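Chemist: I'd like to ask you about the structure that follows.
The values are calculated or read from the model by the stated rules, or taken from the named source; none is laboratory data. Note that the structure is a prediction, hence the values are computed from the model and not measured. Here the Cβ is made from the backbone with ideal geometry for all residues, glycine too, and neighbour counts use every protein chain on show.
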Amino acid sequence: MGSWKIKKMSGHCGARLEGVSLLNASKSDLEEMRSALFEYGVIVLPDQHLTPENHLSVAEFFGPINVNRFFTPVASHPMIAEVRTSAGQSAVLGGTWHTDHSYDAAPAMCSILSARQLPPYGGDTHFASMAAAYEALSPGLKKILTSLRAWHSDSSFSESNVGLESNLDAFRDPVLHPVIIKHPVTNKPCVYVNGDFTTHFENWSREESSALLSYLYIFVTQPIFTARVVWEPGMVAIWDNRLVQHYATADYAGNTRLMHRITVEGVPLESA
Ligand SMILES: [Fe+2]
């Protein structure tokens, strides 16, 4: 019987899980994988080479699939989003730290990315632990932030020029989330504001909010809180959108990169 060999990637974030093929993983292997996800925030599983059907099965272990309403679906498997950069594309998706789907009232719990075609260099994904970032804040700022909520909006997609669907029906009203959430599984406090989708604090103007939000975005993404995933052919990465933010490095213009992404339904978030 196989079981995972788990190797931490950095002090606060990320683990590499080897030694089990997801195609014949036992229930206990899958449960151990899920526990590692909630502990480390992002897990990378090399040499998996999932087919779309395998990818869907892995996602369904975590919960119902949440289909992204902005990304182009994989033609043969509409539950899977295609994250494609073409060689001729002038702008590459990424370059900003964010949390997937924070503009939803019940944001996606995890994202599962499967490498299909990688550029010859670059395209790494960085992750930062929002639990470690919270712990490093001063007691005074922790207290203020824990009393706040912030608005999140999908409106930034309207300015996107990187091949996302310009589907006007997809946009929804902004939603409020606590600035410091209680992780729904581990109860750990996590910072939950991000530069792509958070617009301002509840009952604060955008101008008033911007200085503190800008400070937080710089603070929470300091290298000490991060791990860097260097993609390998066939690799799968799974991250918990409540525990980490991520950043796609857009440094491979002129090359093709194709990833398949599935997001899994989450729950409304509560204050820490
Ligand atoms: Fe993302």
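Chemist: Exactly one of these conditions fails for L93: (1) of a type outside the set (D, E); (2) over 29 Å from Y252 (Cβ atoms); (3) modelled with pLDDT under 95. Give me its number.
Modeler: Among (1) of a type outside the set (D, E); (2) over 29 Å from Y252 (Cβ atoms); (3) modelled with pLDDT under 95, L93 violates only (2).
Chemist: Ok, one more. Among the candidates R34, R69, which residue alone is part of a loop (DSSP other than H, G, I, E, B) and basic (K, R)?
Modeler: R69
Chemist: In addition: Mind listing whichever residues of region 157-203 are of a type in the set (S, T, Y), closer than 24 Å to R69 by Cβ and modelled with pLDDT of 95 or more?
Modeler: Once the filter is applied, which keeps residues that are of a type in the set (S, T, Y), closer than 24 Å to R69 by Cβ and modelled with pLDDT of 95 or more, region 157-203 yields Y192, T198, T199.
Chemist: Which of (1) within 29 Å of Y252 (Cα to Cα); (2) touching a Phe, Trp or Tyr at 6+ places or on another chain (Cβ under 9 Å); (3) at pLDDT below 95 does N68 not meet, given it meets every other one?
Modeler: (2)
Chemist: Surrounded by 14 or more Cβ atoms within 10 Å (Cβ to Cβ), among the small types (G, A, S) and modelled with pLDDT under 95, is that true of A227?
Modeler: So A227 does not fit the description; no.
Chemist: Right, another one. What pairs can you find where one residue is in region 42-66 and at positive phi, the other is of a type outside the set (D, E) and at pLDDT 95 or above, and their Cβ atoms are less than 7 Å apart, with a gap of 6+ or different chains?
Modeler: Note: pairs meeting the criteria are D47/G234; H49/G234; G63/M109; G63/V264.
Chemist: Checking G94 against (1) in a loop (DSSP other than H, G, I, E, B); (2) more than 14 Å from the chain's Cα centre (by Cα), only one condition comes out false. Which one?
Modeler: Checking G94 against (1) in a loop (DSSP other than H, G, I, E, B); (2) more than 14 Å from the chain's Cα centre (by Cα), the one that fails is (2).
Chemist: Please work out which residue is farthest from the ligand (Cβ to nearest atom), limiting yourself to region 103-148 and to residues that are among the polar types (S, T, N, Q) and closer than 25 Å to D251 by Cβ.
Modeler: If we take residues in region 103-148 being among the polar types (S, T, N, Q) and closer than 25 Å to D251 by Cβ, then Q117 is farthest from the ligand (Cβ to nearest atom).
Chemist: Give region 210-265 a look and list any residue that's closer than 28 Å to K142 by Cα, among the hydroxyl-bearing types (S, T, Y) and either within 16 Å of the ligand (Cβ to nearest atom) or touching a residue at least 12 places away in the same chain (Cβ under 8 Å) (or both), or say none.
Modeler: Answer for region 210-265, where residues must be closer than 28 Å to K142 by Cα, among the hydroxyl-bearing types (S, T, Y) and either within 16 Å of the ligand (Cβ to nearest atom) or touching a residue at least 12 places away in the same chain (Cβ under 8 Å) (or both): Y217, T221, T226, Y247.
Chemist: Let me ask something else about it. Out of everything in region 249-272 that is modelled with pLDDT of 95 or more and among the hydrophobic types (A, V, I, L, M, F, W, C), what residue ends up being nearest to T125 (Cα to Cα)?
Modeler: Step by step, filter region 249-272, then rank; the result is M259.
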